[in-house]
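The values are calculated or read from the model by the stated rules, or taken from the named source; none is laboratory data. For clarity, every value in this text was computed on a predicted model and none was experimentally measured. Note: ideal-geometry Cβ built from the backbone for every residue, glycine included; neighbour counts use all protein chains shown. Accessible surface areas use protein heavy atoms only, side chains included; no ligands, DNA or RNA. Shrake-Rupley method; radii C 1.70, N 1.55, O 1.52, S 1.80 Å.
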Amino acid sequence: MTNPSLLILAGDGIGPEVMTEVRKVIAWLGDKRDLTFDVTEDLVGGAAYDVHGTPLADETLEKAQAADAVLLGAVGGPKYDTLDFSVKPERGLLKLRKEMDLFANLRPAQCFDALADFSSLKRDVVAGLDVMIVRELTSGIYFGEPRGITTEGNERVGINTQRYTESEIDRVARSAFELARRRNNKVCSMEKANVMESGILWREVVQEVHDKDYPDVELSHMYADAGAMQLVRAPKQFDVIVTDNLFGDLLSDAAAMLTGSLGMLPSASLGAPMENGGPKALYEPVHGSAPDIAGEGKANPCACILSLAMALRYSFDQGEEATRIETAVEKVLADGTRTADLMQSGDGTPASTSEMGDAVIAALEASL
Ligand code: IPM
Ligand code: MG
């Protein structure tokens, strides 16, 4: 049997540092769990631009499409701020999502008990929080045509178009319902059906998919602005939230902050299931490239390690090993090992990126 393949795109900023710790976990899985991946590596974002003049080379896209899963670090940095829009690091990521047709973006907002006091909300509002945002990722206003900056009369006009087809809404709704069945069986769909036709269609299609194929799942609808309010008022009312590309971008950042620790959150971007197994997929931390601390060994590798865990669960049918990694990370936090982002001033010396990675490996060892 051939080993499953994994393409690593470490990217920019703290991406390479956190990925070094992920490689330790991959090596450990090979040594101790008999779970070996064929790992290849390539460039994305600014790192790819520096070498190829583009944030995603064609060969890299081909490798991504051929791999069983892609694990990405982070893209972007101030060095690239003045680049033309078409070659900015972020375009590389957007092209990967679009070309691989990764339409369902899973963003868990989970509050680790040991970190509940870091939330800007009160502990009892967030302790035990476990929400999954399913964001549509390959359509909507991010990609709709027409778009651009044109001139009308003597002034410029910026144009983007919100556009959703029935089938685009249908497939992401199914992803949300399927997930809900494996969790607490509740989906809340968010749009602006009060002002947008695309929102009216979104609500109708989600309801139809529900009534036809998922009547056992509890479904509710909310306007996205009210949803934002409810997310900070009483986030534990939600299980799975399904929403469009732009609302999902905003709501998932807000939800991430509720947990008090952006440096802890992984994400998965899933396409349609492949003939011989899980979906085509890309996994990445929710945090960005954090150029202000890049190269200093201060970054928290947990989000990227937990992204690998999501890959094990969703792409490789290794839920048990995924849980093992998640439990190891929780144990490390509970034992008090903290990177700088998980500490308040006066809390003592923070663990470095590699110390945090080593602590996770030690916890994995202890789990055997
Ligand atoms: C995200 C980011 C991206 C987005 C950027 C980097 C293109 O904000 O993944 O949420 O807007 O989708
Ligand atoms: Mg975002």
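When every residue of the range 255-273 is checked against the conditions, at least one turns out to be open to solvent by 40 Å² or more (accessible area, probe 1.4 Å) and within 13 Å of the chain's Cα centre (by Cα). Would you please name the residue that is nearest to residue 284 (Cα to Cα), looking only at residues in the range 84-100 that are near ligand 1 (Cβ under 9 Å from one of its atoms) and among the aliphatic types (A, V, I, L, M)? For the range 84-100, the residue satisfying everything is 93. Screening 116, 47 for residues that are open to solvent by less than 40 Å² (accessible area, probe 1.4 Å), small (Gly, Ala, Ser) and in contact with a helix residue (DSSP H, G or I) (Cβ under 7 Å, 6 or more places away or on another chain) leaves exactly one candidate, 116. Quick check, is residue 121 closer than 30 Å to residue 338 by Cα and either open to solvent by less than 30 Å² (accessible area, probe 1.4 Å) or at pLDDT below 95 (or both)? When the stated conditions are applied, residue 121 passes them. Return a yes/no flag: does the range 295-314 have any residue that is in a strand (DSSP E or B), out of contact with any Lys or Arg (no Cβ under 9 Å at 6 or more places or on another chain) and open to solvent by less than 50 Å² (accessible area, probe 1.4 Å). Looking through the range 295-314, none of the residues is in a strand (DSSP E or B), out of contact with any Lys or Arg (no Cβ under 9 Å at 6 or more places or on another chain) and open to solvent by less than 50 Å² (accessible area, probe 1.4 Å). Just one of the listed residues (109, 114) is more than 16 Å from ligand 2 (Cβ to nearest atom) and closer than 30 Å to residue 329 by Cα, and it is 114.
On the stretch given as the range 229-246, residues that are open to solvent by less than 40 Å² (accessible area, probe 1.4 Å) and not polar (S, T, N, Q) total 9. Scanning the range 285-294 for residues that are surrounded by 19 or more Cβ atoms within 10 Å (Cβ to Cβ) and outside any loop (DSSP other than H, G, I, E, B) gives a single hit, 285.
Only one of the numbered conditions (1) crowded, with 19+ Cβ neighbours inside 10 Å; (2) of a type in the set (A, V, I, L, M); (3) in contact (Cβ under 8 Å) with a residue 60 or more places away in the chain is violated by residue 334, and that is (1).
Report yes if some residue within the range 266-287 is touching a Cys at 6+ places or on another chain (Cβ under 7 Å) and closer than 25 Å to residue 172 by Cα; otherwise report no. Yes, there is a match, as at least one residue in the range 266-287 is touching a Cys at 6+ places or on another chain (Cβ under 7 Å) and closer than 25 Å to residue 172 by Cα. Residue 17 meets the stated requirement of being closer than 27 Å to residue 89 by Cα and open to solvent by less than 60 Å² (accessible area, probe 1.4 Å).
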